[in-house]
1. Are any residues in the stretch 6-46 without any contact (Cβ under 8 Å) to a residue 12 or more places away in the chain and more than 17 Å from the chain's Cα centre (by Cα), and if so, which ones?
2. I'm checking my understanding of the structure. Among residues of the stretch 19-34 that are within 16 Å of S71 (Cβ to Cβ) and not hydroxyl-bearing (S, T, Y), which one is surrounded by the fewest Cβ atoms within 10 Å (Cβ to Cβ)?
3. Look through T61, T96 and report the one residue that is assigned to a helix (DSSP H, G or I), in contact (Cβ under 8 Å) with a residue 40 or more places away in the chain and touching a Cys at 6+ places or on another chain (Cβ under 8 Å).
4. Determine whether T77 is among the hydroxyl-bearing types (S, T, Y) and at pLDDT 95 or above.
5. What about T77, is it buried (at least 21 other Cβ atoms within 10 Å of the Cβ), more than 16 Å from K10 (Cβ to Cβ) and over 10 Å from the mean Cα position of the chain (by Cα)?
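The values are calculated or read from the model by the stated rules, or taken from the named source; none is laboratory data. A quick note: this is a predicted structure, and the numbers were derived from the prediction, not measured. When we count neighbours, we look across all protein chains shown, and the Cβ atoms used for this are built from the backbone with ideal geometry, even at glycine.
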Amino acid sequence: MNYKELEVWKVSRNLVKQIYSITNNFPKMEVYGLISQIRRCSISIPSNIAEGCGRRSSKDTLQFLFIARGSLYELETQLYLSLDLEYLNNQEFEKTIDSLIYCRKLLNGFINYYKTKC
């Protein structure tokens, strides 16, 4: 399976770009805190999709897809915290959450599809 052809992988890469863009405006005191955590979490999503696709067994592939999904939920929480701390305005938050939800729907669909192929 070529992960580079997967829509969910492409969308998750765009989410990473969006995350990097919005976190550029966070306070500099968060460079080693929330900024780092949010960025690492977002990077984990396409990375785990790719790694899962490179695994030999279906069980391993699904495990990495589930890790990617967990990272999406973690990222969602971090975005809510960023809104609470007023590091994001409502417009940035809504746009990013919409992208995250779309990515999660694609990933859930891919997981369900992959389960039927096993």
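1. N24, K28, M29, V31, Y32, G33
2. This residue is L34.
3. The match here is T61.
4. Values: among the hydroxyl-bearing types (S, T, Y): yes; at pLDDT 95 or above: yes.
Taking the combined requirement at face value, the residue satisfies it.
5. On the way: buried (at least 21 other Cβ atoms within 10 Å of the Cβ): no; more than 16 Å from K10 (Cβ to Cβ): yes; over 10 Å from the mean Cα position of the chain (by Cα): yes.
Judged against the criteria, T77 is not a match.
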